[in-house]
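Below is one structure, written out as structure tokens, with a few remarks after it.
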Amino acid sequence: MSKTEQKTITLPYSLSVRELAGLLSTSAVTVIKILMSNGVMASINQQIDFDTAAVVATELGFEPQLFQEEEVVEETGEIPLWRRVILEEDAKNLEPRPPVVTILGHVDHGKTTLLDAIRHTDVAGGEVGGITQHIGAYQIVHKDRVITFLDTPGHAAFSSMRARGAQGADIVVLVVAADDGVQPQTREAANHAKAAQVPIVVALNKIDKNDANQDRVKRQLADIGLQSDDWEGDTFVMPVSAKAKKGLDDLLETILLVADNLTIKANPKGACIGTVVEAQLDKSTGNMATLLVQNGTLKVGDVVVAGEGTGKIKAMFDQRNKRVSKAGPSTPVVVMGLNALPEAGDLFQVVANEREGRAIVAERKAEREAKRHTKRATLEELFSQYKSGQAKDLRLILKADVQGSLEPIMNELEDLGEKQKGLAIKILHAETGNVTESDVMLAAASNAIVLGFDVDIDQGARRLADAEGVSIRLYKIIYRLIEDVQKALNGMLEPELVERVIGKAAILATFKVSKGGTAAGCRVLTGEMRRNAPVRLIRAGEEIVKTEISSIRREKDDVREVREGMECGITLKNFEEFEVGDMLECFVMEKFGG
Ligand code: GDP
């Protein structure tokens with residue numbers, strides 16, 4: 001398409017795939033496919049930034065333009081909740097707090113090396129003798145002032161965490177390698193920071209390299225609106241070598257200077273709120289989450305809600321693994337006591353008591369479930385939509401072990417489509433290999449179902465399918481697959497039975513039982529465990545066995561079920577090789593779609 005025919009389109013700093021499709025008057029599937037061909041995996045509700053959206057818009061013949069900053073902030077309410085909480089505090093209660101800094105930049109430009117180098121500038125930390133452990137955030141002392149660094153994973157190819165990282169921080173350090181210059185992720189990070197209205201300090205890294213060209217990079221930075229201060233701009237561009245540990249003091253100095261020009265305050269006695277930096281299950285201690293306190297003071301014994309987890313904080317640890325009893329604004333701490341793992345980027349809040357915590361979580365879960373059920377697309381549902389005229393074709397995504405099985409399946413399905421008057425079977429995507437996240441995303445966006453022949457489902461794909469409500473059917477025999485599609489077309493397919501997880505428990509101990517055999521001492525982390533219900537035992541993320549719960553004991557009594565937060569002894573049918581740290585997932589089989 002020639003330039004003159006291009007229509008301009010104004011896009012915000014960030015928008016969801018669905019919104020972009022709407023603005024470009026195209027389908028979300030088209031957008032997802034273009035993103036995929038550019039190496040970006042995105043689901044229909046995922047936020048993408050301007051640069052990424054611009055690529056899609058350009059491919060579709062539009063000339064993209066960036067929305068004005070003020071309008072975006074109003075439009076999308078980008079001010080994070082924790083900032084709003086601070087804004088609502090009475091000014092006289094606000095006290096200065098350490099600035100929170102996040103390091104962003106293109107892959108391989110030196111983020112990790114710089115974070116490590118800065119960590120080691122902290123002489124005080126070294127003197128205390130504690131080895132700093134990786135908890136997703138750390139604090140250093142520079143010239144008697146504390147700075148908090150978020151150590152977020154910068155390598156994810158495309159991550160909302162990056163956007164959230166920018167939102168959790170007061171200052172973004174944008175790392176740009178002096179030999180490689182401004183790259184796509186540099187622009188993306190700059191846009192995230194601008195969208196979140198977070199000031200940027202540029203760390204012009206790798207100046208020790210022979211092919212480093214600072215002037216060239218400063219020109220490129222000016223082109224993306226980051227005019228260097230020595231070129232009469234207002235962005236500090238600090239030359240550093242993370243590897244040779246050069247320029248670090250000046251960089252830290254600049255960070256403090258920028259911080260001084262911002263009002264970085266919070267009320268240590270106010271409502272306690274903050275962001276989840278990281279969360280993981282520890283084999284011996286259970287759920288561990290790193291929380292960055294942003295307002296108020298978090299204390300041992302407080303009840304918090306974080307994502308879909310809640311609980312009373314049993315213990316807190318700092319970055320040196322030292323027990324602490326409280327943590328004020330801008331302090332990262334690892335907490336123990338949540339009954340479920342939140343996700344990085346989730347907000348956390350202190351609530352009045354455990355009942356309130358459970359109620360909030362129950363509400364969040366119900367919301368998510370409701371969303372999931374309205375979105376479910378099964379073979380049966382799709383067919384009934386077709387019959388009622390809502391859908392004009394039956395959309396399938398096919399995965400098979402080898403090309404040799406893909407072809408006959410496709411041929412047979414096409415034949416089937418032709419035999420059905422007026423009904424189109426549309427194969428959106430056919431490929432060899434396991435069912436992956438991108439298959440599920442495509443299916444979610446296009447209301448398709450995924451059929452697999454002699455393949456498995458990747459773990460991430462299974463989780464995503466569950467969240468997005470995508471139906472995946474696996475087959476070992478070709479004619480059964482064809483038969484199912486045929487039955488669906490005739491509206492005769494038996495409703496699919498799906499697993500619904502009703503509870504998870506962690507195994508904390510094992511012990512012999514009087515009748516002989518071994519029982520697992522468990523704590524129910526979420527939901528409930530039921531006697532006689534099917535259960536799977538998971539070790540290090542892998543399913544070890546799928547069986548049934550044969551007995552549950554609370555103290556001395558046999559019981560039918562145990563709920564969240566309780567401890568119990570569980571025996572399984574035909575399995576007793578428990579190991580501490582194993583997880584039990586109890587589920588029920590449910591019909592849907594029929
Ligand atoms: P990240 O992907 O942005 O986290 O980048 P890394 O920190 O992993 O660095 C990528 C590569 O660049 C590594 O091989 C580093 O050793 C190297 N590197 C990082 N900083 C410098 C630097 O200042 N000078 C030189 N010469 N190499 C560096």
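Laboratory data are not the source of any read-out in this text; all were calculated from the coordinates shown. Small disclaimer: the values here were computed from a predicted structure and weren't measured. As a convention, Cβ positions derive from the backbone with ideal geometry for all residues, glycine included, and neighbour counts pool all protein chains shown.
Between GLU343 and GLU308, the built amide H atoms are under 5 Å apart, and every one of these is 5 or more places off in sequence or on another chain. The residues ARG523, ARG355, when put in order of fewest to most other Cβ atoms within 10 Å, stand as ARG355, ARG523. Computed on the Cα atoms alone, the convex hull of region 439-594 gives a volume of 130 cubic angstrom per residue. Treating the Cα atoms of region 251-298 as identical point scatterers in vacuum, please give the log10 of the normalised Debye intensity I(q)/I(0) at q = 0.14, 0.24, 0.25 Å⁻¹, two decimals. So the normalised log intensities work out to -0.57, -0.88, -0.90. Excluding same-chain neighbours fewer than eight residues apart, the aspartates and glutamates reachable from LYS143 by a Cα-Cα span under 16 Å are ASP122, GLU127, ASP249, ASP250, GLU253, ASP260.
Sequence-ordered 3J(HN,Hα) estimates for region 48-61 from the Karplus curve with 6.51, -1.76 and 1.60 and θ = phi - 60° stand at 10, 8, 4, 4, 5, 4, 5, 4, 5, 4, 5, 4, 8, x Hz, glycine and proline given as x. Residues THR102, THR52, THR254, THR518, arranged from fewest to most other Cβ atoms within 10 angstrom of their Cβ, appear as THR518, THR254, THR52, THR102. Applying the Kirkwood pairwise sum to the alpha-carbon positions of region 280-347 produces a hydrodynamic radius of 11.8 angstrom. Under 5 Å from the amide H of ILE502 lie the amide H atoms of CYS586, PHE587, VAL588, each residue being 5 or more positions distant or on a separate chain, with H modelled from the backbone and absent for Pro and chain starts. Here the Karplus curve 6.51 cos²θ - 1.76 cosθ + 1.60, taken at θ = phi - 60°, turns the phi angles of region 180-186 into couplings of 10, x, 5, 10, x, 6, 5 Hz, with x standing for Gly and Pro. Each of HIS142, HIS120, HIS109 has some number of other Cβ atoms within 10 Å of its Cβ, and from fewest to most they run HIS120, HIS142, HIS109.
For the peptides 169-177, 446-454, the ranking by packing is 169-177, 446-454, with the highest mean count of neighbouring Cβ atoms within 10 Å listed first.
So how far, in whole Å, is the C-alpha centre of region 173-210 from the one of region 508-527? So the separation of the two Cα centres works out to 52 Å. Phi angles of region 110-120 translate, via the Karplus equation with coefficients 6.51, -1.76, 1.60 and θ = phi - 60°, into HN-Hα couplings of x, 4, 4, 4, 5, 4, 5, 4, 5, 4, 7 Hz per residue; Gly and Pro are given as x. Highest average first, the peptides 93-99, 504-510 ordered by how many other beta carbon atoms sit within 10 Å of their residues are 504-510, 93-99.
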